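Laboratory data are not the source of any read-out in this text; all were calculated from the coordinates shown. Keep in mind that this is a model prediction, so the values were computed, not measured. Here the Cβ is made from the backbone with ideal geometry for all residues, glycine too, and neighbour counts use every protein chain on show.
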Amino acid sequence: MTCAALALAFAALCLSCARKEEDACKFIRLAGFEKGTKSLTFHPGNSSMDLSVAHNPAPDDVNPTDWCMRYVAGGGQSEFVWCEPHGRNFDFTANPPIFRMKVLAPAPGIRINMTLEPARLDGPVRPVTVRSERSAVGGRWETMTFDFREFAPESNLYSKIVIVFNVERSGIDQTWYFDEIEGPDDDLRPITLMRPYSGNPVFRPEGQNNWRDAHIANTGILTPEESPTGLWMLYARGSGNIPDYHDQIGLFTQDPANFHPFGPWKEYEGNPVIKYTEGGWDDYLLLDTAPVVGPDGTLYIYYKGRNHQLSSNIGVAWSKDGGYHFEKTGRPWRKERSGTTSAVYHDGKYWLFHGNRTFVSEDPLNGENAEVLPGIFTGGAPSHFDDFSIWGTFVWRLKDVDKWFMSYQGSAHHVDFPDRFHVAYSDDLIHWTKVRNPQPFYSRGPVGSWDQGGIWCPDVFEYKDSLYMYYEGWGTEAVVYDRNQDYFVGHSSVGAASCSKTDFLKWCGLE
């Protein structure tokens, strides 16, 4: 076989391998232009271009849709179209950075390239560009693939697509059509360390004119070793209309003799156990649930209280009868806009954790003079998923492991609609090291699932040889117009997940 023949054979093999890898990639649609469907919003690169949604001029097996995008070249120096940032930065954790779109070119032999850009060009991230060297077929629809793997773009840094038609040439009055742009699926659930409970959600909104008929969320779980009653105790925030809308806190229990990590939990008949205060500083919403037991057996629950003017502070309620009846001081524990999702009694002090701040106080009922320590800051986690925000921190221990662990929610693009959980660990509750394992700890569910939108407050406990996690998920069990839109029409429920303790420690690099 000649050298030329060997080269051709090798090239054919490489092309075959590339196609197999592309076939293994799971895609999700980013843009399509049928009426009433979700799509990226595109703009022309200059005023001489004509860009509009139009009827498909040549429907066929490749693209049978009725509508597509039409672009008429104006002959300017910037013959490109660009899109508004996608609702979620592109994530390449589960699938490689391969994009594709359907194109109807005006003539054969014309080249196209695609660029991925960050939401802000003046930021620290440089755009990654790939140019397709294959020529357009022309005269009929084709699917063009843009493979970014050679550039190794990092996840969650890019959210915009720029498409250059007729690269390095000017094609006045040339008419192009494009449609069905797809990118790598951002569903990480199949590869997460924690595996979801098959019966999720564990708690759904229930009843009518009930304290939790709209939402249930923000669990705080006490093991029998931690609780004042020796029971498994689960506190949760419920949202309901009784008769006006309020968020309040209720109690659920399990007997240790019959305990199952996924329930069922028995609801306390006197719920809610912590109610809004009529005319008080927390007369509207009680959010986030952080229970902790003091050295004298008193149970304290810290929460985020909000009034009807939407002013928020950290509140506290306490119980001396085992966690069924609570009292309040009538004032915030600390005047702080955000709440707390975890509380720990350690070294004679109460530690309250809230994202990038930790409050430490010897007084469980007054935190105005609490020491404020740095918490856990954004950035530094795999895939850049927490570069924009971190909240929902929950601190816990494991038997025979001399570390503190913190599970938290993060986002690369939203303040309060996170899509992923991660973990950090510490020796002193002050200095935290984020786990560097690229495998996600946990993520929101796939499109159409009950938790397809945002996930919050990863509450972890140990039972036998496994770890279990309860969390809030937002969604509705149907395909929605845009699941990346903050608080699309849906509701909060509580789900659970688990993994073995051995796998968790190995994942942390601490085995």
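Some points to look at:
- 25 °C / 0.890 mPa s Stokes-Einstein diffusion coefficient of the chain, Kirkwood radius on C-alpha pairs, µm²/s: 97 µm²/s
- As a rough footprinting exposure proxy, the listed residues C457, C499 were ranked by other beta carbons within 10 Å of their own, and the order from fewest upward is C499, C457.
- Once the gyration tensor of the Cα atoms in segment 335-453 is diagonalised, the equivalent ellipsoid follows with semi-axes of 26, 17, 13 Å, ordered largest first.
- Degrees between helix 3-24 axis and first principal axis of the chain (Cα, 0 to 90, nearest 10): 40 degrees
- The distance separating the Cα centre of segment 315-361 from that of segment 363-436 comes to 17 Å.
- Euclidean distance between Cα centres, segment 273-300 to segment 443-478, Å: 24 Å
- Taking other C-beta atoms within 10 Å as the exposure proxy, E226, E150 rank E150, E226 from fewest upward.
- Measuring between their Cα centroids, segment 151-196 and segment 211-227 lie 41 Å from each other.
- Net charge of neighbours whose Cβ lies under 12 Å from the Cβ of I161, counting Lys and Arg as +1 and Asp and Glu as -1: -1
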